[in-house]
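**Student:** Have a look at this one before I ask anything.
The values are calculated or read from the model by the stated rules, or taken from the named source; none is laboratory data. This is a predicted model, so every value here is computed, not measured. Quick reminder, even Gly has a Cβ in these numbers, built from the backbone with ideal geometry, and neighbours come from all protein chains shown.
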Amino acid sequence: MTSRGAAAPTLAPPDSRPRRERNRRLISTTLILFALTVGAAINLVPFAWMLSTSFKNNAQAFSYPPTWIPEPFVWNNYVDAFQRVNGRVFFNTAFFSISIVVLQGLFATMGGFAFARINFPYRNVIFLIYLGTMMIPPQVTLIPTYIVVVEFGWVNTYQGMILPIVAQAAFGTFLFRQFFLRLPDEMYEAARLDGANYWQQFWKFTLPLARPVITAYSIITFLTAWKMYLWPLIVVRSPELKVLPMAIAELSGNASQDRGVMMAAVALSILPILILYIAAQRWFVEGIAMSGQKG
Amino acid sequence: MQGSITGAPQALPMAEVRGKSGRKETKDWRAGLWALVFLGPNLVLFLLFTAYPVVYGLYLSFFDYSVLTPAVYVGLDNYRTFFQDPLSAKLVGNTLTFAIGAVIPSMILPLLIAVLLNNAGWTRLWRGLYFLPLVTSGVAAAAVWKWLYAKDFGLVNYGLRQLGLEPIDWLFSLDWAMPAVIIMTVWLLLPFNIILYTAGLQEIPRDYYEAAQIDGASQWRQFRDITAPLITPTTFFVMLTTMLGVLFGGFDTINVMTQGGPLNETNILIYDIYQNAFQYFRMGYASAQAYLLFVVVFLFTILNWVLQKRWVHYS
């Protein structure tokens, strides 16, 4: 390195340094693009394979060597898949997820507002205790929560599926508290002078100002709820209340099931989230990055 | 508004707890009533589904309980059983292998990708491609990967054969089942961790790199001396969330891909807890297991917080 550096000034033409720099940058850009392309390809193989298989009949799905282009294209797999993972399952998953988003979002913003903007006795102690519950891992409460649900007679009901998940609002409460603390005090003083009570302060301008945080938070909560498997699996008994991950797991576990139909069901289960992702990619990213702040 | 979400410093909750001013805006009791209105729903749900279960779970761990018949007090029997059962050591070992095996690549690989993404053009396109697995649930991913791993028709083994290697019976092999599950888990968590690292990278001041470039530092030197040390708060967060996420979320993957097999080789604590509680109805024993897991996770988290002083740099 040093010897080359010493030799360079005599051998090279005067403008060699910028050119070498440019060459080096070109090489590094090429390497970066190459690495990213290979990485992206590996990253996306499972998707491509799922899509490809979802149009195959069983003979093709089990053929070796594997082929990427189905021949013939079995569109009917999607019809079959929708009979097994039917509208009811989609409705349940949507109802489950949306209920959690709405209720948890409402309770978390209300809680965040109380901790940020209402000066009540022992506020900080209560907040610390509440925050501490985020440290309790879900496996500890899983069994006793189920027994509570049994005692309420809520096994195999929507409220049994939904409310114990809504209860996990500590992180959201913390997040919204942090945001509400940053809003200007003068705004709240002016509102008080106008005679606005806490609910009016909360509803009329605090929530509207928090719209970006609420959007990001809702998207992430929705995403998490849509993928939830273990809790519904424990609470749900009848097919009428099944959610998508349960249906997919059942299809996957059934060895006699057509692979193509199974993959088509997986594709269908992903589709709503995929549409949401394409429409609101930015909010997915915002929401996840936001969760990093709790560390 | 946008910048305030991701751009905020990674504050510790504890440091922010001192609220606003201590001024009393309203009479205490009226504020207290309002607080009750606002916190009421949270409070009720918290008492029912967090506070009570935490205590009740501990209580339950001293009983023999199957839900169908009344609980019988057995003292420390459940804990004794756990420590005497030869399966327990295997479960703990598997849980640790799974957690550590998934955590270490998750601390490194997403960081490298995030740095590359930062240095390439067409950010939107690349991010779109890399973040896409966000849309899949653990169950859906496991259902697909189970077939990628198939011995005779699977794509993974096809790739191995193309490279001139012997095919592996991934999910049915005593040696390879756990690595197979770990690889899939790292893939599944990749987008989350890339996003966390991308946000973390934006916290590093641009001037540091500019100064380094003026000094003629190579890109590798810049990564080693600026990025790697200054990203450690994010690395620490990725480590903790991946660890906790895997210990609980590992259930979805295991239940779909291996069901703990072959010969308990991929059986981890959360899966065994589920089976004991909800398939064999040994609620008391499963509660004892859950509490032991809790204690281990708790000690581990504390250890991590203590150790972080040695390697995490907060600016």
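**Student:** Scanning the stretch A:190-201 for residues that are more than 9 Å from chain B (Cβ to nearest Cβ) and surrounded by 16 or more Cβ atoms within 10 Å (Cβ to Cβ), which turns out farthest from B:Ala31 (Cα to Cα)? Show your work before the answer.
**Tutor:** Restricting attention to the stretch A:190-201, the residues satisfying the condition of being more than 9 Å from chain B (Cβ to nearest Cβ) are A:190-191, A:193-196, A:200-201.
Of the ones still in play, those that are also surrounded by 16 or more Cβ atoms within 10 Å (Cβ to Cβ) are A:191, A:196, A:201.
Details: A:Ala191: 16, A:Ala196: 14, A:Gln201: 14 Å.
Per the stated criteria, the residue is A:Ala191.
**Student:** Would you check if B:Leu87 is in contact (Cβ under 8 Å) with a residue 24 or more places away in the chain and within 25 Å of the chain's Cα centre (by Cα)?
**Tutor:** Working: in contact (Cβ under 8 Å) with a residue 24 or more places away in the chain: yes; within 25 Å of the chain's Cα centre (by Cα): yes.
So B:Leu87 fits the description; yes.
**Student:** Give the residues of the stretch A:143-181 that are at the interface with chain B (Cβ under 7 Å from one of its Cβ atoms) and either among the basic types (Lys, Arg) or within 22 Å of the chain's Cα centre (by Cα) (or both), sorted by residue number.
**Tutor:** A:Leu163, A:Pro164, A:Val166, A:Ala167, A:Ala169, A:Thr173, A:Phe174, A:Gln178, listed by residue number.
**Student:** Taking the stated definitions as given, is B:Gly200 buried (at least 23 other Cβ atoms within 10 Å of the Cβ), under 30 Å from B:Tyr314 (Cβ atoms) and touching a residue at least 12 places away in the same chain (Cβ under 8 Å)?
**Tutor:** Yes, satisfied.
**Student:** Give me a count of the residues in the stretch B:41-77 that are among the aromatic types (Phe, Trp, Tyr), over 12 Å from B:Tyr291 (Cα atoms) and within 10 Å of another protein chain (Cβ to nearest Cβ).
**Tutor:** 4
**Student:** Can you list residue pairs whose Cβ atoms sit under 9 Å apart, with the first residue in the stretch A:216-243 being of a type in the set (S, T, N, Q) and the second being part of a loop (DSSP other than H, G, I, E, B)? Count only pairs 6 or more apart in sequence or on different chains.
**Tutor:** Correct list of pairs: A:Ser238/A:Asn156.
**Student:** If you don't mind, another one. Can you name the residue in the stretch A:41-71 that is over 17 Å from B:Leu148 (Cβ atoms) and free of Cβ contacts under 8 Å to residues at least 12 places away in the same chain and, of all such residues, is farthest from the other protein chains (Cβ to nearest Cβ)?
**Tutor:** Among those residues, the one meeting the criterion is A:Glu71.
**Student:** Then there is this: Tell me, yes or no, whether the stretch A:203-214 has at least one residue that is part of a helix (DSSP H, G or I), under 21 Å from the mean Cα position of the chain (by Cα) and within 8 Å of another protein chain (Cβ to nearest Cβ).
**Tutor:** Step one: filter the stretch A:203-214 for residues part of a helix (DSSP H, G or I), giving A:203-209, A:211-214.
Adding the requirement that they be under 21 Å from the mean Cα position of the chain (by Cα) leaves A:211-214.
After this cut, where a residue has to be within 8 Å of another protein chain (Cβ to nearest Cβ) as well, the list is A:212-213.
The answer is yes; a qualifying residue exists.
Each row is one residue, and each column tells you yes or no for (1) loosely packed, with under 10 Cβ neighbours inside 10 Å; (2) modelled with pLDDT under 85; (3) in contact with a Phe, Trp or Tyr (Cβ under 6 Å, 6 or more places away or on another chain).
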site	(1), (2), (3)
A:Arg17	no, yes, no
A:Ser28	no, yes, no
A:Phe34	no, no, no
A:Phe73	no, no, yes
A:Ala81	no, no, no
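**Student:** From the list A:Asn86, A:Asn119, exactly one residue is in contact with an Asp or Glu (Cβ under 7 Å, 6 or more places away or on another chain) and either without any contact (Cβ under 8 Å) to a residue 12 or more places away in the chain or within 11 Å of chain B (Cβ to nearest Cβ) (or both). Which is it?
**Tutor:** Selected residue: A:Asn119, the only one of A:Asn86, A:Asn119 that is in contact with an Asp or Glu (Cβ under 7 Å, 6 or more places away or on another chain) and either without any contact (Cβ under 8 Å) to a residue 12 or more places away in the chain or within 11 Å of chain B (Cβ to nearest Cβ) (or both).
**Student:** Still on this structure, please answer the following. Test B:Leu165 against the stated conditions and say whether it is among the aliphatic types (A, V, I, L, M), facing chain A (nearest Cβ under 9 Å) and surrounded by fewer than 22 Cβ atoms within 10 Å (Cβ to Cβ).
**Tutor:** no
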